[in-house]
Amino acid sequence: MSMDFRGLGFGAGSGNTGSGGKRWQLRELAKNEHLDWSIIKRVVKAFIPYWPKAILVTIIIFITAIGGVLPAWLTQKIIDDGIQKGQLPTVIYLTMELIAAAVITGLLGVWQNWLSNQIAQNVMADYRLALFRNLQRQTVNFFASRQSGDLVSRIINDVTAIQNVITSTLVGFISNLLTITVTLLLMFKMNWRMSVLAVIVVPGFVIPTQKVGRIRQKIQAEIQQWLSALTVQLSEALGVSGALLIRIFNREPREETKFRLANEKLRDLQIRQGLIGRWLFMWLGMFSSIGPALLWGYGGWLVIHQEMNLGVIVAFTTLLSKLYGPLSQLAQIHVNVLSSIALFRRIYSILDIEPEVQDGPRTIPPNSVKGHLELKDVSFSYQHEPKDGETRLALCNINLTVEPGQTVALVGPSGAGKTTLLNLIPRFSDPVSGCLFLDGIECHSLSLESLRAQMGLVPQDPFFFHDTVYHNLLLANENASQEDMETACQAAQIHDTIANLPQGYHTVVGERGYRLSGGERQRLAIARVLLQSPRIVLLDEATSALDTVVERKIQDALAFLLKGRTAIVIAHRLSTILAADKIIVLDKGEIIASGTHQELVEKNPLYKRLYETQFSLP
Ligand SMILES: Nc1ncnc2c1ncn2[C@@H]1O[C@H](COP(=O)(O)OP(=O)(O)OP(=O)(O)O)[C@@H](O)[C@H]1O
């Protein structure tokens with residue numbers, strides 16, 4: 001009898017990583033999980049759109065389960081009705097049935113795989129989209145407080161793991177249960193006494209497999225810990241900064257000892273794990289002979305006493321393997337179910353996050369906006385819950401009016417709340433109290449799209465997508481022609497630079513593309529806002545010192561950008577401050593003074609100090 005150990009996860013190739021690693025991760029996930037019906041209900045709902053396919057899969061699994069035990073039954077018939085009775089036509093006919101059953105079961109298996117894969121891929125695509133949609137609705141602060149790698153992993157890895165849920169957990173459960181049921185039914189139909197013996201023999205396969213499985217999982221957990229310790233050490237020691245640190249503090253010998261210990265521990269664990277697998281193989285190999293031997297012995301006795309036909313023994317030895325595989329897999333179904341629940345819980349924990357900023361119902365026609373801004377008693381906190389009974393305010397009772405076309409400069413020491421204030425205007429965040437108004441309309445009641453369409457933003461360190469200059473500019477205005485772009489870039493003093501790039505406007509910039517200097521990025525960001533042509537400009541001026549030629553270019557570009565628009569500028573340069581209609585001095589989240597440069601130098605010591613120490617010329 002040929003034994004297939006692969007279903008048990010102990011295939012010859014199952015090493016210490018690969019399937020072993022995955023199983024370990026599943027077990028880790030399942031550790032603190034419980035059968036949460038609210039999650040199960042939501043998961044079932046996700047599958048509802050694909051119910052016709054799911055029903056078809058179940059029917060096919062049922063047929064293939066029957067098809068799986070058919071060879072044993074046909075073998076018995078060939079022996080007892082054909083060979084024993086000397087009926088060649090019966091032998092030929094049954095042999096053909098045997099072949100047909102194998103072919104049909106094989107084909108159905110492929111179809112079932114294809115269908116369940118389709119369901120899995122569709123459900124996965126739905127979850128990925130839902131996650132991405134919900135993340136798109138979150139505020140900028142949401143991303144500031146999370147590791148982007150973790151969010152990416154939720155969308156890519158956790159969702160991909162759903163496939164395993166469908167193939168191993170759902171399909172595996174139905175298929176194993178049906179195979180066991182059909183096998184037992186056939187066994188008891190053939191001979192109940194042999195069936196009782198077979199059922200007694202099966203634990204001989206299942207129990208050691210489960211036991212060894214658990215020991216291997218434990219070792220696997222230890223292996224993973226040592227592997228990750230080694231990975232961390234390697235990535236630190238082999239990186240430039242780590243290597244520098246190790247050398248300057250003469251840490252090489254200690255690093256080597258640390259590495260050697262982890263390396264040896266890993267070696268010993270892997271040898272142990274390999275050995276346990278071999279013992280199990282030996283036991284299963286032995287038992288794969290002992291089990292059928294017992295059936296042959298007892299069956300032989302029954303045949304000699306003419307209480308059973310010879311073919312039944314052969315059928316039973318085949319059917320035995322149909323019991324132990326599925327039973328072993330069912331025995332660990334709880335791990336699969338619980339780890340699947342844990343996976344879905346992680347996915348739902350992101351899906352259920354309500355965005356802090358909610359969309360408003362009103363829209364304003366784009367060309368009717370005058371650009372009057374007003375902040376009334378606005379306070380803001382980054383804390384969602386008070387700490388030690390106190391909510392630390394990043395902004396406190398801000399009152400500010402900006403007339404259409406006016407430029408307001410925000411100045412203040414680092415951490416005063418300038419960026420926080422700027423971010424409230426396009427509603428990247430909402431205040432905890434107070435209101436913002438655009439042309440007298442409460443911003444809260446406006447749709448985010450309508451509000452943000454009026455606002456252009458030039459951040460301190462502008463970001464560009466890994467795409468061409470052309471496409472990065474198109475982001476601001478989808479209808480912009482090449483001519484519009486060139487006009488905007490000329491006004492932003494960046495056209496010549498772009499024209500000199502290897503592929504001009506079609507050069508890839510951004511993340512890993514052609515690198516633009518800080519000054520060039522600022523001017524390209526200004527061109528981008530010019531193309532958008534908003535009524536309101538929000539500008540976070542760069543602090544870095546630039547040479548006078550570049551500085552001049554930026555000042556010219558800014559002058560063009562701010563002309564005729566309402567602007568709020570976090571100002572770091574004297575020229576910008578001097579050009580502003582109003583200067584607001586922020587300190588510790590409060591407006592402590594406002595006025596013109598001259599007034600403030602005379603009456604506000606903090607402003608005077610900032611002017612003397614921080615505002616770079618010109
Ligand atoms: N995402 C955040 N979560 C929690 N606290 C924050 C966050 N961003 C800023 N803060 C805090 O809010 C306060 C105001 O920060 P903000 O960035 O507005 O200051 P700023 O005046 O723009 O400073 P700088 O000139 O250094 O950029 C600071 O105490 C800062 O630590």
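Over the chain, dividing the summed -39,500 (n - 2.57) contributions of all DSSP H runs of at least 4 residues by the number of residues returns a 222 nm mean residue ellipticity of -19500 deg cm²/dmol. Dividing the mean sequence gap of close Cα pairs (under 8 Å, 6+ apart) by how many residues region 334-441 holds gives a relative contact order of 34 percent.
Rounded to 0.05, the FRET efficiency of the LYS603 and GLU403 pair, given R0 = 22 Å and the Cβ-Cβ distance, is 0.45. Net charge dipole, region 98-193: roughly 120 debye, given to the nearest 20, about the Cα centre with Cβ charges of +1 for Lys and Arg and -1 for Asp and Glu. Shape class of region 462-533 from the alpha-carbon gyration tensor: rounded, with the ratio a/c of largest to smallest axis under 1.5. Using Cβ point charges alone (K and R +1, D and E -1), the dipole size of region 190-334 about the Cα centre works out to roughly 220 debye. Per residue, the accessible area of the chain comes to 53 Å² when a 1.4 Å probe rolls over the protein heavy atoms.
Counted by Cβ distance under 9 Å from GLY434, the other residues give a net charge of 0, where Lys and Arg count +1 and Asp and Glu count -1.
Taking label positions 7 Å along the Cα-Cβ direction at both LYS370 and SER145, the computed distance is 3.8 nm, reported to one decimal. Taking 0.36 nm per residue of separation and subtracting the Cα-Cα distance, full extension of the segment from SER235 to LEU578 would add 118.5 nm. Restricting the GluC sites (Glu not before Pro) of region 441-507 to loop positions (DSSP other than H, G, I, E, B) with no more than 11 neighbouring Cβ atoms within 10 Å leaves GLU478.
How much net charge surrounds PRO462 when only other residues with a Cβ under 11 Å from its Cβ are counted (Lys, Arg +1; Asp, Glu -1)? With Lys, Arg at +1 and Asp, Glu at -1, the net is 0. Here's how it looks for ILE570: its modeled amide H is under 5 Å from those of LEU410, LEU539, ASP540, GLU541, which are all 5 or more places away or on a different chain.
Measuring against 20 Å, Cα to Cα, the residue pairs LYS370/LYS582; LYS53/LYS322; LYS553/LYS608; LYS582/LYS603 contain LYS53/LYS322; LYS553/LYS608 as the ones spanning a longer distance. Each Lys and Arg Cβ is given +1 and each Asp and Glu Cβ -1; about its Cα centre, the chain then shows a dipole of about 2180 debye. Our summary gives region 462-533 a relative contact order of 50 percent, counting only alpha carbon pairs under 8 angstrom and 6 or more residues apart.
Give me the percent of the accessible area of the chain that comes from carbon and sulfur atoms, probe 1.4 Å, all protein chains in place. C and S atoms contribute 59 percent here. Mean projected area of the convex hull spanned by the Cα atoms of the chain, taken over all viewing directions: 39.9 nm².
Pair-distance distribution of region 9-351: all C-alpha pairs, bin width 20 Å, starting at 0; shares per bin in whole percent are 23, 46, 25, 6, 0. Taking each residue as 0.36 nm, the span from ILE207 to LEU244 lengthens on full extension beyond its C-alpha to C-alpha distance by 8.0 nm.
Using the Cβ atoms and a cut-off under 12 Å, what net charge is assigned to the surroundings of THR75, where Lys and Arg are +1 and Asp and Glu are -1? Net local charge, THR75 excluded: -2. The lysines within cross-link reach of LYS265, meaning a Cα-to-Cα straight distance under 26 Å and a gap of 8 or more places when in the same chain, are LYS22, LYS31, LYS211, LYS218. Spatial offset of region 131-201 relative to region 421-484 amounts to 43 Å, using the alpha carbon center of each.
Between ASN134 and ILE92, the simple spin-label model (points 7 angstrom out along Cα→Cβ) gives 6.5 nm. Estimated from the Cβ-Cβ distance and a Förster radius of 45 angstrom, the FRET efficiency linking GLU390 and LEU351 is about 0.90.
The values are calculated or read from the model by the stated rules, or taken from the named source; none is laboratory data. Computed from a predicted model, the values in this text were never measured in an experiment. Don't worry about glycine lacking a Cβ; one is built from the backbone with ideal geometry, like all the others, and counts go over all protein chains shown. The area values use the complete protein model at the heavy-atom level, side chains included, leaving out ligands, DNA and RNA. Shrake-Rupley method; radii C 1.70, N 1.55, O 1.52, S 1.80 Å.
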